[in-house]
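Engineer: Here it is: the structure, laid out below.
The values are calculated or read from the model by the stated rules, or taken from the named source; none is laboratory data. Just so it is clear, the structure is predicted and the values come from calculations on it, not from any experiment. Cβ sites come from the backbone with ideal geometry, for glycine too, and all protein chains shown count toward neighbours. Ligands, DNA and RNA are excluded from the accessible area calculation, which covers all protein heavy atoms including side chains. Shrake-Rupley method; radii C 1.70, N 1.55, O 1.52, S 1.80 Å.
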Amino acid sequence: MLKGIDQRLSAEVVHVLMLMGHGDDLVICDVNHPAATIAAETTYGRLVDMAGCDIPTAARAILSLMPLDSFVPAPVRRMQVVGNPDGVVPIFARMQAVLDAAEGRPVKMEALERFAFYAAAKQAFAIIRTADSGPYGCFLLKKGVVDLPEL
């Protein structure tokens, strides 16, 4: 254990977050997402699990270390409900609350059609799969910049 790092964040999750740069995308998904298949095509190349967490818990822990990109209109993208592009499921509001709280501002989230989401996920840096049973718990988070004070 280390001070100030959420205990839900494994060494591998912290390693992935440290490797990512500004503008890189991170997928946080539920157990229904074809995560292992898609993860093989990401920059990191393999799946990372946060097996003990639901999506909001995992996102809260990740966002305690990783800022969202403030240079793009929508730093978070989610999967649309199939057959109902305007459809809403409970995880959308739960995730929105986590995002807004982590950033201290309203965070815009855009919806992507299912197969467009899969294509975008393949271009991500890494995929973190949670124990969340879903449905539609699939989110792409774009990493922002950490503005550290000069020493």
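Engineer: Does residue 2 satisfy the condition of being at pLDDT below 95, over 13 Å from the mean Cα position of the chain (by Cα) and surrounded by fewer than 18 Cβ atoms within 10 Å (Cβ to Cβ)?
Structural biologist: It is true that residue 2 is at pLDDT below 95, over 13 Å from the mean Cα position of the chain (by Cα) and surrounded by fewer than 18 Cβ atoms within 10 Å (Cβ to Cβ).
Engineer: Tell me, which strands (runs of 3 or more DSSP E) lie completely within the range 87-151 with 1 or more residues that are over 14 Å from residue 58 (Cβ atoms)?
Structural biologist: 109-112, 138-142
For (1) among the acidic types (Asp, Glu); (2) touching an Asp or Glu at 6+ places or on another chain (Cβ under 7 Å), each residue gets a yes or a no:
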position	(1), (2)
41	yes, no
54	yes, yes
68	no, yes
79	no, no
92	no, no
106	no, yes
110	yes, no
127	no, no
143	no, yes
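Here's the yes/no breakdown for (1) acidic (Asp, Glu); (2) assigned to a strand (DSSP E or B); (3) touching a residue at least 60 places away in the same chain (Cβ under 8 Å); (4) over 16 Å from residue 129 (Cβ atoms):
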site: 1; (1), (2), (3), (4): no, no, no, yes
site: 4; (1), (2), (3), (4): no, no, no, yes
site: 9; (1), (2), (3), (4): no, no, no, no
site: 13; (1), (2), (3), (4): no, no, yes, no
site: 16; (1), (2), (3), (4): no, no, yes, no
site: 23; (1), (2), (3), (4): no, no, yes, yes
site: 27; (1), (2), (3), (4): no, yes, yes, no
site: 37; (1), (2), (3), (4): no, no, no, no
site: 42; (1), (2), (3), (4): no, no, yes, no
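Engineer: Let me ask another. Kindly check whether there is at least one residue in the range 125-134 that is without any contact (Cβ under 8 Å) to a residue 40 or more places away in the chain, open to solvent by 10 Å² or more (accessible area, probe 1.4 Å) and more than 18 Å from residue 9 (Cα to Cα).
Structural biologist: Within the range 125-134, not a single residue is without any contact (Cβ under 8 Å) to a residue 40 or more places away in the chain, open to solvent by 10 Å² or more (accessible area, probe 1.4 Å) and more than 18 Å from residue 9 (Cα to Cα).
Engineer: Follow-up. Based on what the data block shows, is residue 49 within 13 Å of the chain's Cα centre (by Cα) and more than 24 Å from residue 1 (Cα to Cα)?
Structural biologist: No, not satisfied.
Engineer: For residues that are in a loop (DSSP other than H, G, I, E, B) and free of Cβ contacts under 8 Å to residues at least 24 places away in the same chain, scanning just the range 62-86, find the one that is most open to solvent (accessible area, probe 1.4 Å).
Structural biologist: So, considering only residues that are in a loop (DSSP other than H, G, I, E, B) and free of Cβ contacts under 8 Å to residues at least 24 places away in the same chain, the one most open to solvent (accessible area, probe 1.4 Å) is 86.
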